[in-house]
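One structure is given below, represented as structure tokens, and several questions about it will come after.
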Ligand SMILES: [Zn+2]
């Protein structure tokens, strides 16, 4: 007995030693994936760019659910023509569906695949009641405290103007790209992009255009992206989650009087279905772009965290559990389930014959709308609950995953390292829907990245209160687009 105990003890220490050795070894060979670039002197950006951004914030190109404020879009387009005179004279401009704009800057070498930069002109509305909470009115375009304030300064007029400023600067230098550069500006991204981006993409398809890569908004340079990571991360979205909304409904031929309720009611059955979904989330997975994110950020972390990410074979379960506790990180691990509307019943003493719940799903790469429906039926496990897809402008399957070894990613990686030398670069998953999903048919590689560096807390300003951009950020953004064109169009 004593011998056996001693043997077991030895075995324990031996296996611990093996595990520790593997952990140490893996951590020691967990090398940085960051490319080194030569430092460049920040390009001088004229002060007038701030005023132009301020001016377009004041043009209220708002998308309301189901409609847009049309006259503002015409003002926006003519403002651009009047301000970007070199763009206006050297680039070809086309208007799609009255308000969307496509610019083409012909390259010297037509045999090279063009690149496509995209942005959107429309902004989300600001509820009247929340105006008082803004430091400066949302459409004032106020320039103060080193910032331009208002709707569109982060999402997404700033991208369009940033690119146009870069074009204008390069044109003034007498530059002509080898590769053709397109800028496509949709006018209805915030309501699904059906009239804008989707229609533009269809035009491109008909012309048999194929882009070397597409760049849209989506991710940013985040200061405090992950625990244990002391550096900011330029997160380049290589994929985007899918989107579907399901309606769960329960019908009963007889409702009845609330004085004699049956053992089960439509509301009770529906509530159980919703509860089952909330308590049975989709399984968490560290795969696809999320796995890539950790492959790129892990080696840059402080030692204990570096050891954790270098040894996913041992720590993956722990990481999954930890990340699942935070809604932001949870969203990159799995398909999410969000019940958003529940309806049923008209009168306090009448049992309703029907009840409905609307549940929104953001679908992780690797799953499909159909696999979500299957999962929902399995979890709800009640034939009385019917599950229907609610059609909508945002509905889509998850995007393809764009490559990190492709020309486009490399150009973005290099440019991000040059313009944000303090930051590291990492691929990542975009959890919201962007216009870029409409362009998948015209490009193998679609990336989502807006070159602004902000804190996590500042991301609330997007679609929120006090949306603003600092002068420094806007300058970096223009430098980034200029440099990206130089890097990818030579
Ligand atoms: Zn946007």
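The values are calculated or read from the model by the stated rules, or taken from the named source; none is laboratory data. Predicted model, so just to flag it, every value in this text is computed and none were measured. All Cβ positions, even for glycine, are placed from backbone atoms using ideal geometry, and neighbour counts span all protein chains on display.
Residue-wise test of (1) more than 27 Å from residue 124 (Cβ to Cβ); (2) more than 16 Å from the ligand (Cβ to nearest atom); (3) in contact (Cβ under 8 Å) with a residue 60 or more places away in the chain; (4) surrounded by fewer than 24 Cβ atoms within 10 Å (Cβ to Cβ).
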{"site": "178", "(1), (2), (3), (4)": "yes, yes, yes, yes"}
{"site": "206", "(1), (2), (3), (4)": "yes, yes, no, yes"}
{"site": "226", "(1), (2), (3), (4)": "yes, yes, yes, yes"}
{"site": "240", "(1), (2), (3), (4)": "no, no, yes, no"}
{"site": "252", "(1), (2), (3), (4)": "yes, yes, yes, yes"}
{"site": "260", "(1), (2), (3), (4)": "yes, yes, no, yes"}
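Additional query: Restricting attention to region 193-203, and to residues there that are within 16 Å of the ligand (Cβ to nearest atom) and surrounded by fewer than 23 Cβ atoms within 10 Å (Cβ to Cβ), which single residue is farthest from the chain's Cα centre (by Cα)? If you could, list the steps in order and put the result at the bottom.
First, the residues of region 193-203 that are within 16 Å of the ligand (Cβ to nearest atom): 193-198, 200.
Add one more test, that the residue is surrounded by fewer than 23 Cβ atoms within 10 Å (Cβ to Cβ), and what stays is 194-195, 198.
Details: 194: 18, 195: 20, 198: 18 Å.
In this case the residue turns out to be 195.
For region 27-38, what are the residues that are within 21 Å of residue 404 (Cβ to Cβ) and surrounded by 11 or more Cβ atoms within 10 Å (Cβ to Cβ)? Talk me through it step by step, then tell me what you get.
First pass over region 27-38, keeping only residues within 21 Å of residue 404 (Cβ to Cβ): 29-37.
Within region 27-38, 30, 32, 33, 34, 35, 37 qualify.
Which of (1) out of contact with any strand residue (DSSP E or B) (no Cβ under 9 Å at 6 or more places or on another chain); (2) at pLDDT 95 or above; (3) on the phi < 0 side of the Ramachandran plot does residue 174 not meet, given it meets every other one?
The failed condition is (3).
Of the residues that make up region 35-50, is at least one assigned to a helix (DSSP H, G or I) and under 20 Å from residue 183 (Cα atoms)? Before you say what the answer is, go through the steps one by one.
Our first condition is that a residue be assigned to a helix (DSSP H, G or I); within region 35-50, this holds for 48-50.
Keeping just the survivors that are under 20 Å from residue 183 (Cα atoms) gives 49.
Yes, that holds for at least one residue.
Can I ask one more? Could you grab me the full set of residues in region 440-467 that are buried (at least 24 other Cβ atoms within 10 Å of the Cβ) and touching a strand residue (DSSP E or B) at 6+ places or on another chain (Cβ under 6 Å)?
Matches in region 440-467: 443, 446, 447, 448, 449.
Condition first: touching a helix residue (DSSP H, G or I) at 6+ places or on another chain (Cβ under 7 Å) and away from the ligand (no atom under 16 Å from the Cβ). Now tell me which residues in region 117-146 satisfy that.
Across region 117-146, the qualifying residues are 137, 139, 141, 143, 146.
Quick one: how many residues across region 147-158 are within 16 Å of the ligand (Cβ to nearest atom) and in contact with a helix residue (DSSP H, G or I) (Cβ under 8 Å, 6 or more places away or on another chain)?
Step one: filter region 147-158 for residues within 16 Å of the ligand (Cβ to nearest atom), giving 150-158.
Next, only the ones that are in contact with a helix residue (DSSP H, G or I) (Cβ under 8 Å, 6 or more places away or on another chain) stay: 150-154, 156-158.
Qualifying residue count, region 147-158: 8.
Go through region 114-158 residue by residue and tally those that are within 21 Å of the chain's Cα centre (by Cα) and closer than 16 Å to residue 458 by Cβ.
Here the count works out to 8.
Looking at this structure, is residue 63 part of a strand (DSSP E or B) and within 28 Å of the chain's Cα centre (by Cα)?
In short, yes.
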